[in-house]
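Here is the structure we will look at, set down as structure tokens.
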């Protein structure tokens, strides 16, 4: 019969592996964001297809991590703090998997715009994508460090992304008015910036779950997520 200390050591090792797997999944999704936006800016079809083909990797890790979380819950006796980590991990993989899906959708939009002989240089895609990607990276780092200040920073940046989204949306509308030949391509651009804005929202979801993991209190921190505050 194994000793309680040995069993606890084994559980700690499995928890460490869970966090490692989660961060690897997040790192892959972040790389897909960068690749997708790069392929959209340059209308590089080969690069776009590379991003699309990587979606299966994210889906496989999603299922593997969920299975590991369920096994830990079923076979171990997690304490309250461990339960919050496992619960947070299960929530995070949903957001990370969705970020991967959005990256694929952005890459596909580049293919559609290229087919329409459109272009993308009339809006600052790298700027809004860079902000969203930094938020996503920051949320993952907050998980690693259990850093509530970083959680607040990520959530605060959501307003900046929302404001920039509205600005770029206006620029695309103006493009549609002044260049009718680009209406179809510009409509795809509207969807692309919406997808980028959604990536930022998923980063906020992760950050808010990290806050719950650390404090035990589940709350909406970002202004855009709070129903008690007016939204623009």
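Every number in this text was worked out from the coordinates using simple rules, so none of it is lab data. Note that the structure is predicted; figures quoted are calculated from it, not measured. Reconstructed Cβ throughout: ideal geometry from the backbone, glycine too, with neighbour counts over all protein chains shown.
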Give the stretch 58-113 a look and list any residue that's more than 30 Å from residue 126 (Cβ to Cβ), within 20 Å of the chain's Cα centre (by Cα) and surrounded by fewer than 15 Cβ atoms within 10 Å (Cβ to Cβ), or say none. 63, 64
Residue 16 passes all but one of the listed conditions (1) under 27 Å from residue 147 (Cα atoms); (2) more than 18 Å from the chain's Cα centre (by Cα); (3) surrounded by 15 or more Cβ atoms within 10 Å (Cβ to Cβ); the exception is number (3)
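Let me confirm something: among 166, 127, 146, which residue is on the phi > 0 side of the Ramachandran plot, more than 14 Å from the chain's Cα centre (by Cα) and surrounded by fewer than 21 Cβ atoms within 10 Å (Cβ to Cβ)? Before you say what the answer is, go through the steps one by one.
Values: 166 fails: on the phi > 0 side of the Ramachandran plot; 127 fails: on the phi > 0 side of the Ramachandran plot.
After applying the criteria, what remains is 146.
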Would you mind listing the helices (runs of 4 or more DSSP H) fully within the stretch 21-116 where at least 2 residues are farther than 24 Å from residue 130 by Cβ? 55-75, 80-115
Pick from the stretch 169-200, criterion closer than 14 Å to residue 123 by Cβ and without any contact (Cβ under 8 Å) to a residue 24 or more places away in the chain, ranking: surrounded by the fewest Cβ atoms within 10 Å (Cβ to Cβ): 178
